[in-house]
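Peer 1: I'd like to ask you about the structure that follows.
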């Protein structure tokens with residue numbers, strides 16, 4: 001259920017409220033497995049459905065629970081309407097008070113490429129993980145992994161939150177294993193240190209758009225329509241997007257090392273670049289003399305600054321499910337609100353982190369509507385939760401590459417995604 005437009009949102013994290021909750025350092029326990037009928041059932045389908053749960057300990061403070069509700073396969077033509085299920089829900093629970101490790105976000109070889117969740121989990125040396133952000137996917141085949149919304153990785157803002165209010169952001173302090181959800185806003189600009197002339201940024205690590213009325217102009221400096229100004233970092237791709245426009249490459253101090261009247265270059269690890277299209281090309285060229293200062297700021301819903309520090313991670317979802325213990329999913333219609341595979345991330349009142357997947361579009365697990373997804377989050381005891389990318393992207397994997405859930409693609413094939421949330425144990 002990846003979105004194909006970069007119009008998903010700006011959802012927030014009172015990330016300044018991220019406190020320090022120290023993870024314990026006790027050794028991990030061996031795996032164990034139990035199966036039981038639970039008296040507290042999920043609010044899905046008819047009340048008389050059988051529900052079983054099997055749990056195992058992956059490490060101290062980290063448990064994996066599989067919930068199966070309903071026993072009979074759904075008729076293929078009733079997947080979206082049946083009240084008999086079945087539903088398969090996998091729940092990864094991390095207790096920061098005893099778990100020895102860190103919850104992080106990770107992406108593949110670079111930000112623009114995609115990688116399977118199982119590969120992201122194993123590549124990070126993680127114990128387990130789930131898919132995370134919505135991403136460009138098929139909308140831009142050249143850069144399919146480009147996040148559609150917020151992307152913060154170890155304190156670096158590599159993709160900006162958007163203004164669409166449907167976007168839900170999840171921010172993680174890996175040092176304390178605490179997460180917050182909500183709506184983030186951002187401000188980006190570049191300023192000449194000598195003249196103080198300033199130019200706002202539209203995007204971070206996202207290909208700029210050439211104004212339609214100037215699409216045939218090889219020289220964008222002749223364009224009189226507003227374009228985009230974008231900051232690129234080495235994490236984006238092997239090279240920056242090529243095309244008409246201008247590009248200014250900066251060294252680690254922000255000083256100009258080269259300027260080009262076309263876009264597309266290779267950055268070394270200490271460099272960044274600024275690209276512009278439309279009439280913004282002229283403004284950027286005028287600004288790009290000497291040394292520049294790039295300012296990137298994240299703010300929460302109250303306007304408080306979110307400190308972009310080491311150990312901070314942020315991903316993007318679509319719609320908040322729970323806020324302060326209340327279901328907050330809006331009413332909606334259409335395929336996104338219908339039954340689909342889902343991935344959920346949230347936290348309980350006592351600070352446990354929960355990552356969950358719900359299989360869907362299958363006779364063995366029908367998936368959940370947005371309302372049903374919120375009801376599951378509530379039943380799992382989540383105080384705050386968001387809906388991450390789902391559909392064919394929904395995946396949960398263990399550190400050995402084993403898929404825990406069953407993806408909805410034909411034959412259960414796993415989709416390559418933009419990024420993932422992973423729990424990495426301390427070594």
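We did not get these values from a lab; they are worked out from the coordinates using the rules stated. Fair warning: this is a prediction, and the values are worked out from it, not measured in the lab. Methodologically, a virtual Cβ is constructed for each residue, glycine included, from the backbone with ideal geometry; neighbour enumeration extends over all protein chains shown.
Peer 1: Please work out the C-alpha center-to-center distance from the range 349-410 to the range 159-193 and express it in whole Å.
Peer 2: Using only Cα atoms, the two centres lie 23 Å from each other.
Peer 1: I've got another one for you. Using Stokes-Einstein with the Kirkwood hydrodynamic radius over Cα pairs, what translational diffusion coefficient do you get for the range 82-128 at 37 °C and a viscosity of 0.692 mPa s, in µm²/s rounded to a whole number?
Peer 2: 242
Peer 1: Could I have the simple spin-label model distance between residue 163 and residue 331, label points 7 Å from Cα toward Cβ, reported in nm to one decimal?
Peer 2: Label-label distance for residue 163 and residue 331, simple model: 2.8 nm.
Peer 1: Using just the Cα positions, wrap the range 261-363 in a convex hull and report its mean projected area in square nanometres, one decimal place.
Peer 2: About 13.0 nm², averaged over all directions.
Peer 1: Starting from the Cα-Cα distance between residue 309 and residue 138, subtract it from 0.36 nm times their residue separation and give me the gain in nm to one decimal.
Peer 2: 58.3 nm
Peer 1: Mind giving me the nanometre distance, one decimal, between the label points for residue 77 and residue 409, set 7 Å out from Cα along Cα→Cβ?
Peer 2: That separation, rounded to one decimal, is 3.0 nm.
Peer 1: Next up: Sorted from fewest to most neighbouring beta carbons within 10 Å, what does the list 186, 87 look like?
Peer 2: Ascending number of Cβ neighbours within 10 Å: 186, 87.
Peer 1: Oh, and also: Which residues in the range 174-200 have a backbone N closer than 13 Å to a point placed 7 Å from the Cα of residue 297 along the Cα-to-Cβ line?
Peer 2: 185-190
Peer 1: Let me ask something else about it. What is the P(r) of the range 102-208, as percent of Cα-Cα pairs per 5 Å bin from 0?
Peer 2: 2, 11, 18, 21, 20, 13, 8, 4, 2, 1, 0
Peer 1: Right, another one. How big is the range 189-248 along each principal axis, measuring the range of its Cα positions in Å and listing the largest first?
Peer 2: Rounded to whole Å, the extents work out to 34, 31, 16 Å.
Peer 1: Based on the Cβ-Cβ distance of residue 427 and residue 252, what FRET efficiency does E = 1/(1 + (r/R0)^6) give at R0 = 25 Å, to the nearest 0.05?
Peer 2: The pair residue 427/residue 252 has a calculated efficiency of 0.25.
Peer 1: Just to be sure I understand the model, the point goes 7 Å from the Cα along the line to the Cβ. What's the resulting residue 46 to residue 260 distance in nm?
Peer 2: It works out to 6.5 nm between the two label points.
Peer 1: For the chain, what is the mean residue ellipticity at 222 nm derived from helices alone (per DSSP H run of n ≥ 4: -39500 (n - 2.57); sum divided by total residues; nearest 500 deg cm²/dmol)?
Peer 2: Here the helix-only value at 222 nm equals -1500 deg cm²/dmol.
Peer 1: Let me know the whole percent of all Cα-Cα pairs from the range 156-203 that are separated by more than 11 Å.
Peer 2: Summing the P(r) of the range 156-203 above 11 Å gives 75 percent of all pairs.
Peer 1: Can I ask one more? Cα atoms only: what Rg and Dmax, in Å, come out for the chain?
Peer 2: Using the Cα atoms of the chain, the pair Rg, Dmax is 22.4, 72 Å.
Peer 1: With a cut-off of 8 Å between alpha carbons and a minimum separation of six or more residues, what is the relative contact order of the range 187-296 in percent?
Peer 2: Answer for the range 187-296 is 35 percent.
Peer 1: Residue 154 to residue 323: extension gain in nm, 0.36 nm per residue of separation minus the Cα-Cα distance?
Peer 2: That pair, residue 154 and residue 323, stretches by 58.3 nm at full extension.
Peer 1: In terms of the ratio Rg/(2.2 N^0.38 Å) built on C-alpha atoms, what value belongs to the range 187-296?
Peer 2: For the range 187-296, the normalised Cα radius of gyration comes out at 0.96.
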